[in-house]
Amino acid sequence: MELPLDLLNGFKPAPRVGQRFRGFLPVVVDVETGGFSSVTDALLEIAVVMIEFNRDGDLVRGETHACHVEPFKGANIEKASLEVNGIDPNNPLRGALLEKDALAKVFKPVRQAVTEQNCTRAILVGHNAHFDLGFVNAAVARAEIKRNPFHPFSAFDTVSLAGAVLGQTVLARALEAAGLPYDSKEAHSAIYDAERTADLFCLLINRMRGIHEAFTGAANATR
């Protein structure tokens, strides 16, 4: 049988993420909101960043999918929050979608990746992850979405990871300590913050690769 040319040239396919995180697919999520309460305050932006392995077995940032979100009926929007994130909810140029449509848009590539990576479901990665997860879960409930691809209560929090590895918990300072770029002028955009969080997550997990392989190798040897 003739071997494919890429195998003859030493091609090595990238491993699947499901092999690393007990069947979970880590997906970075960042939301911009009208306040701190996921129940009463508006979801205004959502961005998801895919995580994948390269052929060397390191995690890398994949595609970004994002959407502006129209506040749900009766949503509270705090002026102080808008001053931080710079969002004008009434700007027609935002092209905002209803929550149900916005979630459908960003969930579609997540579900596809879960299947492609041999995972059971996605797990949210975020900086202060349970804040983002709370807003996602609240929007899912309001929109009556039946197939939420994300685990309902588990998450990977880069605050904890960065605090343990780098001694920093603020995103900007953690990125600086890790030698990664951060532009404060771009901060508080869902896309920008999600992509920087994804870079930080990948770096931290890659730095722990040797520890993971040592533990899993030892565990396999005792079976």
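Only one of these conditions is not met by residue 150: (1) touching a strand residue (DSSP E or B) at 6+ places or on another chain (Cβ under 7 Å); (2) of a type in the set (Phe, Trp, Tyr); (3) without any contact (Cβ under 8 Å) to a residue 40 or more places away in the chain. Which number is it?
(3)
Are there helices (runs of 4 or more DSSP H) fully within region 105-213 with at least 2 residues that are farther than 17 Å from residue 51 by Cα? List them.
129-143, 158-166, 171-178
Please state which of the following conditions residue 213 fails to meet, knowing it meets all the rest: (1) over 17 Å from residue 128 (Cβ atoms); (2) modelled with pLDDT of 95 or more.
Only one criterion is unmet by residue 213, namely (2).
Find the residue count for region 91-137, including only residues that are touching an Asp or Glu at 6+ places or on another chain (Cβ under 9 Å) and hydrophobic (A, V, I, L, M, F, W, C).
So the count comes out to 9.
Could you tell me whether residue 189 is over 16 Å from residue 21 (Cβ atoms), loosely packed, with under 13 Cβ neighbours inside 10 Å, in contact (Cβ under 8 Å) with a residue 12 or more places away in the chain and polar (S, T, N, Q)? Break it down into steps so the answer makes sense when it comes.
On the way: over 16 Å from residue 21 (Cβ atoms): yes; loosely packed, with under 13 Cβ neighbours inside 10 Å: no; in contact (Cβ under 8 Å) with a residue 12 or more places away in the chain: yes; polar (S, T, N, Q): yes.
Spelling it out, it is not the case that residue 189 is over 16 Å from residue 21 (Cβ atoms), loosely packed, with under 13 Cβ neighbours inside 10 Å, in contact (Cβ under 8 Å) with a residue 12 or more places away in the chain and polar (S, T, N, Q).
Considering only region 122-141, state which residues are over 24 Å from residue 171 (Cβ atoms) and either in contact with a strand residue (DSSP E or B) (Cβ under 6 Å, 6 or more places away or on another chain) or surrounded by fewer than 16 Cβ atoms within 10 Å (Cβ to Cβ) (or both). It would help to see each step written out before you state the result.
Here is the first cut: in region 122-141, the residues over 24 Å from residue 171 (Cβ atoms) are 140-141.
141 - this is the single residue of region 122-141 that is over 24 Å from residue 171 (Cβ atoms) and either in contact with a strand residue (DSSP E or B) (Cβ under 6 Å, 6 or more places away or on another chain) or surrounded by fewer than 16 Cβ atoms within 10 Å (Cβ to Cβ) (or both).
Scan region 36-65 residue by residue and report those that are crowded, with 19+ Cβ neighbours inside 10 Å and under 15 Å from residue 135 (Cα atoms).
38, 41, 42, 43, 44, 45, 46, 47, 48
The values are calculated or read from the model by the stated rules, or taken from the named source; none is laboratory data. Computed from a prediction, not measured in an experiment: that's the story for all the values here. Every residue, glycine among them, receives a Cβ derived from its backbone with ideal geometry; neighbour counts consider all protein chains shown.
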